[in-house]
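Derivation of every value follows stated rules applied to the coordinates shown; laboratory data play no part. Predicted, not measured: the structure shown is a model, and the values here were computed from it. Here the Cβ positions follow ideal geometry from the backbone for every residue, glycine too, while neighbour counts run over all protein chains shown.
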Amino acid sequence: MPDLDDLALVERCRSGDVTAFEPLVQKYRQRVYRLAFNVLRDTEEAWDVAQEAFIRAWEGLPSFRRQSAFYTWLFRITMNEEQWDRELIDSGEAPDARAARAEERRRIERALDALPEHHRAIIMLSDLEGLSYREIAEVLGIPMGTVMSRLHHARKRLRAALRPLLGVVLALLALLGTTPVAAQQIVLFGTRVVLASDTPPPPGMRLAPAGPDERLQSFLPKLRQLFRYKEYTSLERYRAEVPVGATQRWPVPGDRQLEVTPESVRGATLKLNVRLTRGSLTEVTTNIQTQSGNPAVIGGPRYGDGTLIIIVWGHPNP
């Protein structure tokens, strides 16, 4: 049965409630990213694919049919993302050639890379994402019998590839989850609070300091794709260069307060916690991941005749 909570959020989105899309992004962001990464094997490309998949999902909501679960529909969009065409590995490529493409690829990843792309995808959907045969058939657009046969052969090949590594699998998995980060590592991040509306802001509304904002201007096309408003007005601009774990607090229009806490760094990825409050009420709380040149976008509450949008740019190594 479709997830009724998801369907309720979808219906709110269809009725024009932009904020209803944020819980769907929060719920499935990591799964969509993991889906992309387990095929692409590249962190930045996987986040790009995940972001484009959510944009396409937002644009395609009018065509979403309630017969299927939202997440299987979203996974199907992700699997069909056109960016994969230039990154997917040829199924006939030898394991040694694939391993040579990434010098720092961990040994456990090489076992997955040894599989053809269609086997790797079905293992990931079944054994990592926990989808049923019916759901996998829906995501990949193949008969259920093909799913069962392909999964059987994929698991057989994976067992054969992993057999020489069984002695180190547990240690590798532990290392993958506990990469140490220096407690006092310094990170740089910036935030923009933008009002998205269909009309210009009213006279007297407090705006961000005048001056060019090339970073925001370059990002406006994607904002328009995602939110479909006509006007995007910068209300606040903040910047911080602080140690990991240090919370920054800034005022936001509507008697609100924005709290941003950098929590960890892994490679080029900065993980932050973002919280927006109004008095004792928490209006937004979410964990995001961002990289240089790849900001995170958070849909916020209503303000005036529009919606507040929070954009966060992160630089793990300023």
*Give, rounded to the nearest 20 debye, the magnitude of the charge dipole that the stretch 186-315 has about its Cα centre when Lys and Arg contribute +1 at Cβ and Asp and Glu contribute -1 at Cβ.*
180
*Any chance you could run the full-extension gain for N294 through R224? It's 0.36 nm times the residue separation minus the Cα-Cα distance, nm to one decimal.*
23.6 nm
*If each residue's Cβ is checked for other Cβ atoms within 10 Å, how do H152, H315 rank with the fewest at the top?*
H152, H315
_Counting only other residues whose beta carbon sits under 15 Å from that of L272, what net charge do I get with K and R as +1, D and E as -1?_
+4
*When we measure straight from the Cα of K271, which lysines land under 29 angstrom away, once same-chain ones fewer than 8 places off are left out?*
K27, K222
*By how many nm would the segment from K156 to S63 lengthen if fully extended, with 0.36 nm per residue of separation less the alpha-carbon distance?*
29.7 nm
